[in-house]
Each structure stands twice: as C-alpha cells, then as structure tokens.
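The values are calculated or read from the model by the stated rules, or taken from the named source; none is laboratory data. Quantities reported herein were computed from a predicted structural model and do not represent experimental measurements. Please note: Cβ atoms are built from the backbone with ideal geometry, for glycine as well, and neighbour counts cover all protein chains shown. Ligands, DNA and RNA are stripped out before the accessible areas are found, and what is left, the full protein with its side chains, is counted by its heavy atoms. Shrake-Rupley method; radii C 1.70, N 1.55, O 1.52, S 1.80 Å.
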Amino acid sequence: ETTSFAVRVAPLGSFGQVLVLAEDQTERRRVEAVRRDFVANVSHELKTPVGALSLLAETIQDAADDPEAVTRFAARMQHEAARLTYLVQDIITLSRIQGAEPIPAPAQVSIDEAIGVAIDHCNTRAGAKDITLVTGGTDGLRIWGDEELLVTALRNLIDNAIAYSPEHTRVVVSTRPAGESVEISISDQGIGIPEEAQERIFERFFRVDTARSRATGGTGLGLAIVKHVAASHAGEVSVWSKEGSGSTFTLRLPAFGGTAIPAQPAIPLE
Ligand code: ADP
C-alpha cells in the first residue's frame, strides 16, 4: 500500500511566509474503504431476507386455495422476518459499541450472574439439540464493566458453541482469575474452525461456511460484537480450535478491584 499525504498550504502573515500542513491520508483512506465495504455488506445482507419475503408473499398469493401451502410459506416468512430482526439488532449493537469508546458507567459485574442470564437465553436452543450446558471454575468473580454488554458477548459465544456443535455434546463455560483480569472460556465439542480462518472470524460478516451460518440463524456479526465488547473493556478475546474436535473462546476482562479501565484509544476498524 502506498502512503499518501494531503498537503495544505496556508499564507501566514504578510512577509510571504506560508504554513505547510502534511496529513497522512493512508489510514483515513483505509478506514473509508472498510466503511464502504461494511455498508455494501450490510445492504447485501439486508436484501437477502427482504427479497425472500417478497418472493414468499407473491407465492402465498398464488397458493391461496391450498391452505397447507399457505401455512408452510407463512412459517418461512416468519423465519425470514426473524432473521431480519436479528440482523438489524446486531447492526445496531455493533454500531453502538464499535467506536470502542470506554464504557460510560463501568460498575462491578458478577460473572456468575451474567453467565446465568446468558445461559437462560440459550437454554432452549441447547435443549433442542440435547446439548448440555455446564459451568465450572471459580465462583464469585467480578469484573469491572457493563453487565448488558458482557451478557451480549457471552450469549453470542454460547449461541455459536451450540450452533456449530453436533447433538448430544457438551458446552462448558468456565471462569478463572488471571492476575488483574478474569478469564471466561466457552468450550465446545463442535466442528472447529480451520486454522487459516481463525484470525478472520472476528471480522464483520466473515463466515467459514455461509450456508451453514445462515441455516443456524447466524448474522455473521456475533464475533465482531464480542471483539468490540472485549475492546471496550480494555480486554481481549482469543480462540483455540481444532477442526473436528472443537473450539474454545476465551474472554479476558479486567477484574473488579484490579486497576481501573485505562483510557481507551479508539480501536481501528478491521
Ligand atoms: P455467525 O452469525 O455466522 O455465527 P459469528 O461472527 O458469530 O457469525 O461467527 C463467525 C464465523 O465463525 C461463523 O460463521 C463460523 O464459521 C465460525 N464460528 C464461530 N464460532 C464457532 C464455533 N464455536 N465453532 C465453529 N465455528 C465457529
């Protein structure tokens, strides 16, 4: 990539002196390109369910005299509408946090409680696949952060663990202290992630298998949200995975009672 500068020249005083300002345009152009890509992706992603909905509406009109077909198409319309809702929700969540501004009012958050709320949300999906959700590790740990964001991140990770695992397996959510941080890991016995994809899965709309992600109701934004939640806590998310054996995602967040969250530089868009 070439580096480019915007140069501005401004007259200064009356002795022919000028002020020359050189501004690095490379980063600005990169951020702009990322933003353009994102907008293009969002409109593509929105068009898919909207297109399906209008097609289904047409089909339903033609099938008016076949009540069984009407019921079937209506169910599919509901499914597409739900997908649209998840997508819009995720886009809103992501745009609220992706400036990576520090959390407005950090407070002490009980990890056990946050995990409990997240698991409550995911129980039905786990039950449908006979996946056992297990918690373990150290009880009573607290972080310094935002409960709603923590629950969102945990839900996304547990939801993924369920979505990308076969039936009758286990998902383990485990916590442990790690210096001035707390680590929460979510392990599954699922399909795993190919090594070359592991560093890309946190990018917005990146999926290893688009068809599979869609089939499980994925928006392609879950892990991007997790990454930004971690960053807004001055924390980190990492992944270990082996194809065919499973994956472990680890969130490292500042422990309550440790050092306060340092001022955050805006994290660059990926
Ligand atoms: P999606 O909505 O597609 O699940 P995410 O951002 O949550 O989007 O995840 C991005 C991609 O990473 C997924 O499409 C999937 O290919 C992969 N992935 C995420 N979590 C797991 C997991 N626990 N096991 C296997 N693959 C996963």
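The separation of the range 87-129 from the range 210-257, counted between C-alpha centres, amounts to 12 Å. Per the Cα gyration tensor, the chain maps to an equivalent ellipsoid with semi-axes of 38, 30, 16 Å, ordered largest to smallest. With all protein chains in place and a 1.4 Å probe, the accessible surface of the chain carries 54 percent carbon and sulfur.
Relative to the current alpha-carbon distance between HIS44 and LEU12, full extension at 0.36 nm per residue lengthens the span by 6.6 nm. Here's the picture: a label point sits 7 Å out from the Cα of VAL31 along the beta-carbon direction, and within the range 81-117 the residues with their amide nitrogen under 14 Å of it are 98-101. The GluC sites (Glu not before Pro) of the range 113-170 that DSSP puts in a loop, and whose beta carbon has at most 15 other beta carbons within 10 Å, are GLU167.
Using R0 = 51 Å, the C-beta based FRET efficiency linking GLU23 and GLN61 works out to 0.35.
Taking the DSSP bridge list for the range 121-206 and keeping only pairs wholly inside it, about 55 percent are antiparallel. Using a simple spin-label model with pseudo-atoms 7 Å out from Cα toward Cβ, SER4 and GLU243 lie 3.9 nm apart. A 1.4 Å probe run over the range 139-270, with the rest of the protein chains in place, finds 44 Å² accessible per residue. Placing unit charges on the Cβ atoms only, positive for Lys and Arg and negative for Asp and Glu, gives the range 161-214 a dipole magnitude near 240 debye about its Cα centre. Rolled with a 1.4 Å probe across the full set of protein chains, the surface gives HIS121 an accessible area near 100 Å².
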